[in-house]
Structure formats: C-alpha cells, structure tokens
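Working notes, beginning with the structure itself.
The values are calculated or read from the model by the stated rules, or taken from the named source; none is laboratory data. This is a predicted model, so every value here is computed, not measured. Backbone-built Cβ (ideal geometry, glycine too); neighbour counts: all protein chains shown. What goes into the accessible areas is simple: the full protein's heavy atoms, side chains included, and nothing from ligands, DNA or RNA. Shrake-Rupley method; radii C 1.70, N 1.55, O 1.52, S 1.80 Å.
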Amino acid sequence: MTDPAVSVVLEDDPTPLVLTVGRTLRAGTRDPESRRLLTSLRESVVVRSKDDPQSVTIRFGEGRVWVGHGSASDADLVLTVDLADRFAVESVTGAEPDAPLVADVLRVLRPPLPHWRNAAARFWELTSQDPGMPRELVVVCEEEELVLGGGLPRYVLCGEAEKLARVLSGTDVFLDEVYTGSLAVRGTMTQLSVMAGASLKVRFHA
C-alpha cells in the first residue's frame, strides 16, 4: 500500500511522462527510505528526457508532491535523464552531480524494485478483471513458477528476475521487452495485445 501521509498529485490532464513519474513516486511511498525523502524534500525539480522534448516539473513540499508537464523556470534542479534506464542521469543543472540533493531526488525516482513474485501478484490484482485478460497467468523465472488465477485461457510469461520485476511493476514497457527478446511469452496475438494494455495500465496508474 502507498502511504496516505505522502500525497502524490498530478496535473489535471497528465502526459504519459507525468503518469510514469507519478507511478514511480507512489511506488516510493512503499519504501521507508524513499518515503522519508518524499516528506523531507522541499525543492522543485525538472526531469527532462535526453532523447526527446518530454519533461516534467516535480514540486516537493511537506508531504505533498505535485507533478506537471514541462520545465518550470524556477526549478532548483534540472536533471536530464535516460527514460529507458530508470532515470539514469545524463547531465545536471543547478547543482554538482554528486550533490546530496541530486542523490535524494534520484533515490525517489529509482525506488527499490519489488521481488518479481510480488510484482506479478500486484500486476494480477490490478489487471485480472480487465476485459480480455487470461483466466490464468503463469510467470516463470528460471526454475520457479508462479500461477495466478486458474483455468483457460492461459498466458505464460518467462524471464529473469530483474526483468520480470521491472516489467510487471510498470518500470519497463512490456512490448519493448518482448520484441527485444528480454521476455518470452506463450499465448495468442490477441492475448499479447491485451497484456500490452494491462502493462500500460500498471505503468501509468498503479
């Protein structure tokens, strides 16, 4: 569960990046160290993509974090990051790269990944009742297997532990990892489309 003492508020018409950052910050409220930082930070921070014009402004303050699109001119810190690599920093404006503020902001943008089993269980909890979802999801990690739900149709997802955790928690994009071969799946093309939609739901709204 997220911590009700930490409120993550998004702009009224959020962009995909705002939704992604919001989901990441909410995930941080489930981690004690990230939660501590979310309640103690008071700065405004711009997070900017290194690859395209996407950017967001995050305003921290007294247990409330606001996220909106664009780059605010009054930001205390600007981070240019790799959005495909969990906000890995490319450049920093407004502080030295090794400044405590940079480290603190990166900590809340990169909360610890859940165990792949926990990520899978939460994924299933959030998406299993959506139209078209399989009745049974089988997640395979090396020689371990987790069966969620029961019955037919069935969908099978295989991968290594960190990749499963990243995809099922919404950190990485499901279709990207399937197409690059980082994940193996067994099911129909229709199921692939449904799973892709479920993945985006978790990525943007979990």
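Observations on the model:
- Scanning region 49-73 for residues that are acidic (Asp, Glu) and under 19 Å from Val9 (Cα atoms) returns a single hit, Glu62.
- Flag for Asp130 being under 26 Å from Pro16 (Cα atoms) and acidic (Asp, Glu): yes
- Looking only at region 41-66, and only at residues there that are of a type in the set (Gly, Ala, Ser) and in contact with a helix residue (DSSP H, G or I) (Cβ under 6 Å, 6 or more places away or on another chain), the one that is farthest from Gly94 (Cα to Cα): Gly63
- Only residues that are open to solvent by less than 20 Å² (accessible area, probe 1.4 Å) and over 13 Å from Val67 (Cβ atoms) were counted in region 7-35, giving 2.
- Listed by position, the helices (runs of 4 or more DSSP H) contained in region 8-126 that have at least 1 residues being of a type in the set (Ser, Thr, Tyr) are 16-28, 32-40.
- The set of residues from region 15-58 being of a type outside the set (Val, Ile, Thr) and under 15 Å from the mean Cα position of the chain (by Cα) comprises Pro16, Leu17, Leu19, Gly22, Arg23, Leu25, Arg26, Ala27, Gly28, Arg30, Asp31, Ser34.
- Candidate set from region 1-47 (those that are among the acidic types (Asp, Glu) and under 15 Å from Pro111 (Cβ atoms)); member that is modelled with the lowest pLDDT: Asp3
- Residues that are open to solvent by 30 Å² or more (accessible area, probe 1.4 Å) and either farther than 21 Å from Arg203 by Cβ or touching a Cys at 6+ places or on another chain (Cβ under 6 Å) (or both) within region 36-88 comprise Arg36, Thr39, Ser40, Arg42, Glu43, Arg59, Glu62, Arg64, Ser71, Ser73, Asp74, Asp76, listed in sequence order.
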